[in-house]
Amino acid sequence: MTRTALAGFREFAARLADALLPSSCLLCGSPCCGAPLCPGCLADLPPLATRHCPLCLEATTHGERCGACLARPPHFDQVHALYRYAFPLDHLISDLKYHARFALAKHWGRQLAGLTPPPDRIIPLPLHPTRLAERGYNQAQEIARHLARSLERPLDPDSLEKSRATRPQAELSHKERQGNLKGAFACTRDMDGLHLLLVDDVLTTGATLDEAARVLKLHGAARVEVAVVARTPRH
Ligand SMILES: [Zn+2]
Ligand SMILES: [Zn+2]
């Protein structure tokens, strides 16, 4: 079996298991019907700072704009996130990303729909085709699919492409980061005047989503908001 076929089979098996198996909480194992997490574990997930930058959600003393957004305003207009990226959310994100726990994508997609104003189009942050073939699915697209369904807005998984493989920004030095994202994304359609919602699992440095938003605005997008499950605090 080729690697791509194997990834496809694993994805199919995971979807089937999701649909057929009675669900128990992914964190504590207690039975919970139809949900990936029990109410107790759900209530314990790490919350965002109550006072934060209105643009990027970084914690600030009085809820004012953070230094980074003041010094160099990002190309996206606003970030929406459900949680702070910390234990045990890092494990749950890995469960979706590497172990095809699609029930989490459905749950988070629906929750994000309650936070975001309906856009014209919903765009998942794309994976490079090589990475997609290895993994068999794009976790951002899985979340975006359910978000689009809940908001009753079109999902557009094709217009933004990852044209060049890049290394995770968090692993790189300051100097390496600058060149890493150059030409990473390509947009294949006119976004003239559209309000777009970019979807990903985690916002870490924000640089990747910023670059994607830059490319979408270059193609005419009037507004680009970002929806992520979790936001990594900068400090
Ligand atoms: Zn639980
Ligand atoms: Zn900010």
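Each value in this text was obtained by applying a stated rule to the coordinates, not by laboratory testing. Remember, predicted model here, so these are calculated numbers, not experimental data. All Cβ positions, glycine included, derive from the backbone under ideal geometry; neighbour counts span all protein chains shown.
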Would you pull out the residues with amide H under 5 Å of F185's amide H, same chain only if 5 or more places away, H placed 1.01 Å from N? S163
How do 75-84, 57-66, 102-111 rank on mean C-beta neighbours within 10 Å, highest first? 102-111, 75-84, 57-66
Obtain the nm distance between the two label points defined at R51 and A222 by a simple spin-label model: each point lies 7 Å from its Cα along the Cα-to-C-beta direction. 3.5 nm
At R0 = 22 Å the Cβ-Cβ FRET efficiency linking A86 and A35, nearest 0.05, sits at 0.55
Show log10 I(q)/I(0) for segment 100-235 at q = 0.14, 0.19, 0.22 Å⁻¹, two decimals, from a solvent-free Debye sum over equal Cα scatterers. -0.62, -1.15, -1.47
Between R234 and R110, take the C-beta separation as r, use R0 = 41 Å, and let me know the FRET efficiency to the nearest 0.05. 0.90
What's the local net charge at L89, with K and R +1, D and E -1, over the other residues with C-beta under 15 Å away? -1
Protection proxy (average C-beta count within 10 Å per residue), highest first, orders 146-159, 164-177 as 146-159, 164-177
What FRET efficiency comes out for the pair E64/K175, r = Cβ-Cβ distance, R0 = 22 Å, nearest 0.05? 0.15
